Amino acid sequence: MAASDTPVPVPLKLLPDAIHQAVKPGTALLRLETTQSRQGVLDGAWWPRSRDVATELPALITALTGHLGPITRVGLDATAWQDIPTRLVIDDQVVRLDSDPVGDDTVLITRGHNDHFALLVVPPDTTADAAREAMARAVRADNITQAAQILIAPTPDPADA
């Protein structure tokens with residue numbers, strides 16, 4: 001292999017602190033990257049303003065569609081949302097909604113037939129500092145912590161590791 005053929009390592013890109021400080025209810029933080037191996041459990045985080053799925057989901061789907069293309073299906077935790085319809089029409093696109101009583105603090109987004117993205121759902125009544133911390137953990141590429149644990153566990157201090 002020639003020296004010019006040697007792959008160049010890509011540095012981990014972290015969101016600037018200013019972005020995390022600007023996070024407020026209604027925000028989604030996403031880590032959208034193509035990787036050959038998927039180490040992280042979650043692809044991002046969403047902090048809705050309320051538990052009304054018909055009010056909250058359209059803005060998320062519109063934002064995701066701009067990055068991912070058409071979203072065909074959304075899986076929701078039935079215990080976390082009020083009155084989940086079986087489908088919504090968002091931006092002239094029918095999005096099917098599946099509800100599951102699992103209670104795993106996530107929303108599953110499906111693009112096409114096989115592309116799935118898991119987002120941590122930060123409860124609407126979460127304090128701003130706790131929400132920012134949870135969302136920052138969720139978007140880390142090396143995160144292996146399940147959503148429910150992120151929401152209740154304190155962030156480990158890197159100096160303690």
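The values are calculated or read from the model by the stated rules, or taken from the named source; none is laboratory data. All figures in this text were calculated on a predicted structure; none of them were measured in a lab. No Cβ is skipped: glycine too gets one built from the backbone with ideal geometry, and neighbour counts run over all protein chains shown. Surface accessibility is based on the protein's heavy atoms, side chains included, excluding ligands, DNA and RNA. Shrake-Rupley method; radii C 1.70, N 1.55, O 1.52, S 1.80 Å.
Quick one: how many Å² of Thr106 are accessible to a 1.4 Å probe, rounded to 10?
20
Quote the charge dipole size of segment 56-161 about the Cα centre in Debye, to the nearest 20; the model charges only the Cβ of Lys and Arg (+1) and of Asp and Glu (-1). Present the calculation step by step, with values, prior to reporting the outcome.
Details: 7 positive and 16 negative charges, 71 e Å.
Roughly 340 debye, rounded to the nearest 20.
Which semi-axes, in whole Å and largest first, does the equivalent ellipsoid of segment 40-161 have when worked out from the alpha carbon gyration tensor as the square roots of 5 times its eigenvalues?
So the equivalent ellipsoid measures 26, 16, 12 Å along its semi-axes.
Suppose R0 equals 22 Å. What FRET efficiency, 1/(1 + (r/R0)^6) with r the Cβ-Cβ distance, do Ala130 and Asp100 give to the nearest 0.05?
Using R0 = 22 Å, I get an efficiency of 0.30.
Just how much of Ser50 is accessible, in Å², when a 1.4 Å probe is used and the result is rounded to the nearest 10?
40
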